[in-house]
Amino acid sequence: MTTQRPIFIAPSILSADFARLGEEVRAIDDAGCDWVHIDVMDGHFVPNITIGPDVVAALRPHSRKIFDVHLMIAPCDPYLEAFAKAGSDIIAIHAEAGPHLDRSLQAIRALGKKAGVSLTPSTPESAIEYVIDKLDLVLVMTVNPGFGGQALIPAQLEKIRRLKMMIGERPIDIQVDGGVNAGNAADVARAGANALVGGSGVFKGGDYAGNIAAMRQSAERACGISI
Ligand code: DX5
Ligand code: ZN
């Protein structure tokens, strides 16, 4: 039986109104999010292009919540310092983005930031075996990276379960990202995820607070944090 880590709800601003990103960050902050999930895409590692460090810096003054930056870029090393300086708190890089994951994770921590690794659906949990002690977070992609609004790939729940066993009592958050909403928050929490990213699951319909609360309640009930 391992210690239950707190449930964190991290709305992904990829699903926000890009014409009003500052307002949207303030809105999810007011709506009770724990983290702000910022999806950075380069059109090379993934077939989509979003934002860079200057936009992260522009958003920083709009919220004091944790900026959880998900780098879907390759290579990632040349940009780590820029995203750290822009105000990221957590920087998650993809295990598949380059050949030197250990060095990249050390570089993130050397910048004073929390280090995360993200695994695409086809990458096994064994990819983190030899870097586990350089990690603060593992991000399990439950969709193929690049777009919001996709359906969660159920097979990834087994990867979450196996990661939970691998991590044991280490202070490492398991983040789940892609197709997560109030309807499946219990499933991913029961599998072992404690940081839930919600893009369309939070922004769809406009009731950000209601969607965040529903995800949180469902996840907390599933792992016995609340009745
Ligand atoms: C996809 C991104 C996800 C995505 C989540 O590549 O990493 O964070 O924005 O959006 P939903 O929750 O709608 O799948
Ligand atoms: Zn993401």
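The values are calculated or read from the model by the stated rules, or taken from the named source; none is laboratory data. Everything numeric in this text was worked out from a predicted model, so none of it was measured. Counting neighbours? That spans all protein chains shown, and the Cβs are built from the backbone with ideal geometry, glycine included. We work out accessible area using only protein heavy atoms, side chains counted, and drop any ligands, DNA or RNA first. Shrake-Rupley method; radii C 1.70, N 1.55, O 1.52, S 1.80 Å.
For this structure, a couple of remarks:
- Note on segment 135-152: residues that are open to solvent by less than 10 Å² (accessible area, probe 1.4 Å) and not aliphatic (A, V, I, L, M) total 2.
- Qualifying residue in segment 119-127 (condition: within 16 Å of ligand 2 (Cβ to nearest atom), modelled with pLDDT of 95 or more and over 24 Å from residue 66 (Cβ atoms)): yes
- Qualifying residue in segment 89-98 (condition: surrounded by fewer than 19 Cβ atoms within 10 Å (Cβ to Cβ), farther than 17 Å from residue 69 by Cα, out of contact with any Lys or Arg (no Cβ under 8 Å at 6 or more places or on another chain) and of a type outside the set (Gly, Ala, Ser)): no
- None of 201, 179 is assigned to a helix (DSSP H, G or I), open to solvent by less than 30 Å² (accessible area, probe 1.4 Å), touching a Ser or Thr at 6+ places or on another chain (Cβ under 9 Å) and modelled with pLDDT of 95 or more except 201.
- Residue 60 meets each of the listed conditions (1) in contact with a Ser or Thr (Cβ under 8 Å, 6 or more places away or on another chain); (2) over 23 Å from residue 207 (Cβ atoms) apart from (1).
- In segment 214-227, the residues that are outside any loop (DSSP other than H, G, I, E, B), more than 16 Å from ligand 2 (Cβ to nearest atom) and among the hydrophobic types (A, V, I, L, M, F, W, C): 214, 219, 222
- Residues satisfying the stated conditions in segment 153-176, i.e. open to solvent by 40 Å² or more (accessible area, probe 1.4 Å) and more than 16 Å from ligand 2 (Cβ to nearest atom): 154, 155, 158, 161, 162, 164, 165, 166, 169, 170, 171
- Count of residues meeting criterion [within 16 Å of ligand 2 (Cβ to nearest atom) and surrounded by 15 or more Cβ atoms within 10 Å (Cβ to Cβ)] in segment 26-50: 15
- Some residue of segment 202-213 being touching a strand residue (DSSP E or B) at 6+ places or on another chain (Cβ under 7 Å), closer than 26 Å to residue 124 by Cα, within 16 Å of ligand 2 (Cβ to nearest atom) and not charged (D, E, K, R): no
- The single residue among 39, 77, 30 that is of a type outside the set (S, T, N, Q), in contact with a His (Cβ under 9 Å, 6 or more places away or on another chain) and more than 16 Å from ligand 1 (Cβ to nearest atom) turns out to be 77.
- Looking across segment 182-198 at every residue that is closer than 29 Å to residue 130 by Cβ and either small (Gly, Ala, Ser) or modelled with pLDDT under 95 (or both), the one that is farthest from the chain's Cα centre (by Cα) is identified as 191.
- Some residue of segment 14-25 being in contact with a Cys (Cβ under 6 Å, 6 or more places away or on another chain), buried (at least 17 other Cβ atoms within 10 Å of the Cβ) and under 29 Å from residue 163 (Cβ atoms): no
- Close Cβ contacts (under 7 Å, 6 or more residues apart or on different chains) running from residues in segment 65-80 that are of a type in the set (D, E, K, R) to residues that are assigned to a loop (DSSP other than H, G, I, E, B) and buried (at least 23 other Cβ atoms within 10 Å of the Cβ) comprise 65/33.
- Close pairs from segment 212-223: first among the charged types (D, E, K, R), partner in a helix (DSSP H, G or I), Cβ under 8 Å, at least 6 apart: 216/185; 220/189; 221/186
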